[in-house]
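Student: Encoded as structure tokens, here's the structure I'll be asking about.
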Amino acid sequence: MQDKELRKIWESINEFELIDLDKENLNREVKEHSASIEKKIVGRNRLEIIVAVFMMPVAAFIAYLHPSFLAKTGALLMFPYLFLVIYKLLAARKGRKRVEEFSDNLEFLKHSLSYYQNEKQLLDTVFYWYVLPCIPCVAFILLGSGLSGFKLVYAGAITIGMSYLIVRINQLTVERKIEPLIKRLKSEIETYNS
Amino acid sequence: MEVAIEEVFLELLGDNKAQISRICSVYAQDEDEKKDLFQEVAFNLWKSLPSFKGNSALSTWVYRVTLNTCMQARFKVNRHESAHVRLKSIHFESIKQSDDDTGKQERIALLYTCIRKLNDADKNLVMLFLEDLPYKEIAFITGVTENHVAVRMKRVREKLFNCLK
């Protein structure tokens, strides 16, 4: 088989399909949908940050209203903790380029690899920047809330259970989704260079 | 977006729809995914057209955006997440085949199967080669040297012909 013949087969796929563009409405539709997708992406990226920001007035409310010194301390400690969370999330999402910005395929692959490696690092260390700094805040609030005996143990157990769940979910995301992608991207980049 | 750019976009998509569709077909797992990919390419072209600097031919740039969009879909954390609402202004229609076309369709299917067996780097090279682009342009789109393209194409072509035998 010759190259020419191969090209003929390759091009003949279009003989079996008709792609019709409604030129009257295409620009308007693309514009509308593009804006809505953009909104969705921004919303999804900001959701965790919005939750963190939303927690601030809640913490301020507890600090203002609760008579206990321990609960006030816990609530006030929430502020640096929430700032840390927001900073980590913003830093992780910074620098994500759009697909059309890459000068070539290889650059796109390398950028994707570095993005997923950052994501992996962020999720791998979620215990240290998300869970651990939150524990003293919650502990102070619980101790200052007047709970005692079984109720205190119960609340503590729920906190520990939730913390474990957060860490485990992130671990599973890394193991099942991010690591296979990193592996595939590395192997693709290698084939480009081989 | 200015009216002039809107016109360029329509012309660009109209002129390149067949090429975009061929490439999307290789990357997509089914017809629906192909339509999603085609639409995604259209979005990306529309978004980035105003910032096109003109350091390559428009058609070369379309290939680059198309390949990057298709590859991005492969490297998404949630690949099977459906893209978005299907645009009404892009219609896909299958043309009924006659009995004479069966052989042709089989050959197309075999070619696609063989290309899909390749890794992404080789897949991209082959598709651009089949699009009849010169090695210089293929090198520009993929990010490897012209020499590298030539050496690699020799190997990939052999693989492809063996598969098609």
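The values are calculated or read from the model by the stated rules, or taken from the named source; none is laboratory data. Small disclaimer: the values here were computed from a predicted structure and weren't measured. We place every Cβ from the backbone using ideal geometry, glycine too, and count neighbours over all the protein chains shown. Note: areas computed on protein heavy atoms with side chains; ligands, DNA, RNA excluded. Shrake-Rupley method; radii C 1.70, N 1.55, O 1.52, S 1.80 Å.
Student: Those residues that are surrounded by 20 or more Cβ atoms within 10 Å (Cβ to Cβ) and over 22 Å from the mean Cα position of the chain (by Cα), I need them from the range A:67-91; list them, please.
Tutor: A:ALA71, A:GLY74, A:ALA75, A:LEU77, listed by residue number.
Student: Just need a number here: residues in the range B:122-137 that are under 13 Å from the mean Cα position of the chain (by Cα) and either closer than 16 Å to B:ALA28 by Cα or part of a helix (DSSP H, G or I) (or both).
Tutor: Looking only at that region, the number is 8.
Student: Name the pairs: first residue in the range A:180-194 and more than 7 Å from chain B (Cβ to nearest Cβ) and more than 13 Å from A:GLU107 (Cα to Cα), second residue open to solvent by less than 60 Å² (accessible area, probe 1.4 Å) and part of a helix (DSSP H, G or I), Cβ to Cβ under 7 Å, at least 6 apart or on different chains?
Tutor: Once the first residue is more than 7 Å from chain B (Cβ to nearest Cβ) and more than 13 Å from A:GLU107 (Cα to Cα) and sits in the range A:180-194, its partners that are open to solvent by less than 60 Å² (accessible area, probe 1.4 Å) and part of a helix (DSSP H, G or I) give A:ILE182/A:LEU113; A:ILE182/A:TYR116; A:ILE182/A:LYS120.
Student: For B:THR66, are the conditions met, namely being of a type outside the set (Lys, Arg), crowded, with 21+ Cβ neighbours inside 10 Å and either within 8 Å of chain A (Cβ to nearest Cβ) or under 12 Å from the mean Cα position of the chain (by Cα) (or both)?
Tutor: Yes.
Student: Could you check, for the range B:93-103, whether at least one of its residues is in a helix (DSSP H, G or I), of a type in the set (Ser, Thr, Tyr) and either within 30 Å of A:ARG176 (Cα to Cα) or more than 7 Å from chain A (Cβ to nearest Cβ) (or both)?
Tutor: yes
Student: Restricting the first residue to the range B:8-20 and requiring it to be more than 9 Å from chain A (Cβ to nearest Cβ), which pairs with a second residue that is aromatic (Phe, Trp, Tyr) and surrounded by fewer than 14 Cβ atoms within 10 Å (Cβ to Cβ) meet a Cβ separation below 8 Å and a spacing of at least six or different chains?
Tutor: none
Student: Still on this structure, please answer the following. Out of curiosity, is B:ASP122 open to solvent by 10 Å² or more (accessible area, probe 1.4 Å), under 22 Å from B:ALA18 (Cα atoms), touching a Lys or Arg at 6+ places or on another chain (Cβ under 8 Å) and at the interface with another protein chain (Cβ under 9 Å from one of its Cβ atoms)?
Tutor: Here the answer is no, as B:ASP122 does not meet what is asked.
Student: May I pose another question? If A:LYS94 satisfies all but one of (1) open to solvent by 80 Å² or more (accessible area, probe 1.4 Å); (2) out of contact with any Leu (no Cβ under 7 Å at 6 or more places or on another chain); (3) within 14 Å of another protein chain (Cβ to nearest Cβ), what's the number of the condition it fails?
Tutor: Of (1) open to solvent by 80 Å² or more (accessible area, probe 1.4 Å); (2) out of contact with any Leu (no Cβ under 7 Å at 6 or more places or on another chain); (3) within 14 Å of another protein chain (Cβ to nearest Cβ), only one is false for A:LYS94: (3).
Student: A:ILE49: assigned to a helix (DSSP H, G or I), open to solvent by less than 70 Å² (accessible area, probe 1.4 Å) and not aromatic (Phe, Trp, Tyr), yes or no?
Tutor: yes
Student: State all residues of the range A:153-172 that are surrounded by fewer than 14 Cβ atoms within 10 Å (Cβ to Cβ) and either more than 24 Å from the chain's Cα centre (by Cα) or closer than 17 Å to A:LEU82 by Cβ (or both); if no residue qualifies, say none.
Tutor: Listed by number, the residues that qualify are A:VAL153, A:TYR154, A:ALA157, A:ILE158, A:MET162.
Student: Looking at the range B:18-63, which of its residues are open to solvent by 10 Å² or more (accessible area, probe 1.4 Å), of a type in the set (A, V, I, L, M) and within 16 Å of A:LEU26 (Cβ to Cβ)?
Tutor: B:LEU49
Student: Hey, can you tell me all the residues within the range B:125-165 that are open to solvent by 20 Å² or more (accessible area, probe 1.4 Å) and among the small types (Gly, Ala, Ser)?
Tutor: Residues satisfying the conditions are B:GLY143, B:ALA150.
Student: Additional query: How many residues does the range B:77-92 hold that are assigned to a loop (DSSP other than H, G, I, E, B) and modelled with pLDDT of 75 or more?
Tutor: 4
Student: Could you say whether any residue in the range A:139-152 is within 30 Å of A:LYS72 (Cα to Cα), more than 14 Å from every other protein chain (Cβ to nearest Cβ), open to solvent by less than 80 Å² (accessible area, probe 1.4 Å) and of a type in the set (Lys, Arg)?
Tutor: The answer is no, given that none of the residues of the range A:139-152 is within 30 Å of A:LYS72 (Cα to Cα), more than 14 Å from every other protein chain (Cβ to nearest Cβ), open to solvent by less than 80 Å² (accessible area, probe 1.4 Å) and of a type in the set (Lys, Arg).
Student: What are the residues in the range B:102-117 that are at pLDDT 90 or above and either farther than 16 Å from B:ASN162 by Cβ or not aliphatic (A, V, I, L, M) (or both), if any?
Tutor: Answer for the range B:102-117, where residues must be at pLDDT 90 or above and either farther than 16 Å from B:ASN162 by Cβ or not aliphatic (A, V, I, L, M) (or both): B:TYR112, B:THR113, B:CYS114, B:ARG116, B:LYS117.
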